[in-house]
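Supplied in structure tokens, the structure appears directly below.
What follows is calculated from the coordinates using simple rules that are stated; it is not laboratory data. Please read all numbers here as calculations on a predicted model, not as lab measurements. We place every Cβ from the backbone using ideal geometry, glycine too, and count neighbours over all the protein chains shown.
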Amino acid sequence: MKAIRIEKTGGPEMMVLADVTLAAPGPGEVRVRHTAIGVNFIDTYHRSGLYPVKLPSGLGMEAAGTVTETGAGVTNLKAGDRIAYCTGPIGAYAEEANVMAARAVKLPQTISDDLAAAILLKGMTAEYLLLRTYPVKRGDTILFHAAAGGVGQIACQWAKALGAIVIGTVGSEEKIAVAKANGCDHVIVPRKENLVERVRELTGGKGVPVVYDGVGKDTFMASLDCLRPRGMMVSFGNASGAVPAFEPGLLSAKGSLFLTRPTLFHYTLTPEELQQSADALFAVIASGSVKVATPKTYRLADAQSAHRDLEGRATTGSLILKP
């Protein structure tokens, strides 16, 4: 079968399409024939070396498709089931993969394979951020960075449905309309405006109770200054690079702030948590509260282009690869 591989870390040019052999599924595993593969920022971290992986390696942690074979001990899935997964193992940029049955979710008929690959990781990320990391309450004013991105579009709509006032940031003026169409009441372009001053203005000088920051280095310090006393900084990504080291006393000086660095894996530790998170996502989409734009599609062989577009912030919404 064909799969994207990297021999060493670096830029998008490190990714090559290669012929690989896939073993039969082991105990607890299922073999999945992919129909759509999600492209996410974490894939670029693995490729660049920001998040170290054992080399040589595949890439990608999210895909949808059909089970073709089951390993010993698998009872919850069978050949022919439509499933999706988004927490690995690394290697989803491939025509097929073996995944643990306990890390896969069954897809309802209302969710297409393309949609599942486009939203599962991003949507489940939005779910744990908004419902469990800092549970958004009606009337909260929240700040969500990269509001026009894949996670941002889902999360801002969902937060709006929960009754929040949503302040979003975007990387360019061209993305303001996208953010507003996806739930943002106010949109800030930090390159053009002073983020902290604008947030303070919008909150009557109080600041927000929570900042959801998947950007990282470029926004982290300013985000802390947007929080009200005892506010929570949710740093869940590094799109602009890793956050520099700092003294914990800074959190005290800025208002006895809370800081968390969560990951989806730790919010879906059990098969029950995983399915519950997915079901919450599917339900909010079925209700119409969250609408998802058609993902931008690339061929598997064009994964380099997908990464360049993603890192260059040339896209809005989700990207998928088609085998």
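I need 2, 291, 122 ordered by Cβ neighbour count within 10 Å, fewest first.
By the 10 Å Cβ count, ascending: 291, 2, 122.
Residues with amide H under 5 Å of residue 69's amide H, sequence separation 5 or more or different chain, H placed in the peptide plane at 1.01 Å from N; which?
Hits under the 5 Å cutoff: 31.
Report the antiparallel proportion of the DSSP beta bridges in the chain as a percent, rounded to a multiple of 5.
55
Taking 0.36 nm per residue of separation and subtracting the Cα-Cα distance, what length does fully extending residue 112 through residue 221 add?
Stretched fully, the residue 112-residue 221 segment lengthens by 35.3 nm.
While we're here: Using a 10 Å cut-off around each Cβ, can you sort 260, 125, 268 from fewest to most neighbouring Cβ atoms?
260, 268, 125
Sticking with this structure for a sec: Quick one: angle between helix 150-161 and the longest Cα principal axis of the chain, in degrees between 0 and 90, rounded to 10, please.
Taking the Cα atoms of the chain, the angle to 150-161 is about 60 degrees.
To continue, here is another question. What FRET efficiency, computed as 1/(1 + (r/R0)^6) with R0 = 41 Å and r the Cβ-Cβ distance, is obtained for residue 72 and residue 259, rounded to the nearest 0.05?
That gives a FRET efficiency of 0.40.
What nm value, rounded to one decimal, do you get for the distance between residue 279 and residue 206 when each label is placed 7 Å out toward the C-beta?
Each label point lies 7 Å from its Cα, and together they span 3.5 nm.
If you count, for each residue, the other Cβ atoms within 10 Å and average over each peptide, how do 10-23, 275-288 line up from highest to lowest?
275-288, 10-23
Something else about it: Express the relative contact order of the range 84-155 as a whole percentage, based on alpha carbon pairs under 8 Å and six or more residues apart in sequence.
Once normalised by length, the contact order is 31 percent.
Between residue 247 and residue 138, what length in nm is gained on full extension when 0.36 nm per residue of separation is reduced by their alpha carbon distance?
Stretched fully, the residue 247-residue 138 segment lengthens by 35.9 nm.
While we're on this one: At 222 nm, what helix-only mean residue ellipticity would the chain give, in deg cm²/dmol to the nearest 500, using -39500 (n - 2.57) for each DSSP H run of four or more?
Here the helix-only value at 222 nm equals -7500 deg cm²/dmol.
May I ask which of 8/217; 106/296; 254/291; 217/291 have a Cα-Cα span longer than 28 Å here?
254/291; 217/291
How high is the relative contact order of the chain, given as a whole-number percent (alpha carbon pairs under 8 Å, six or more residues apart)?
18
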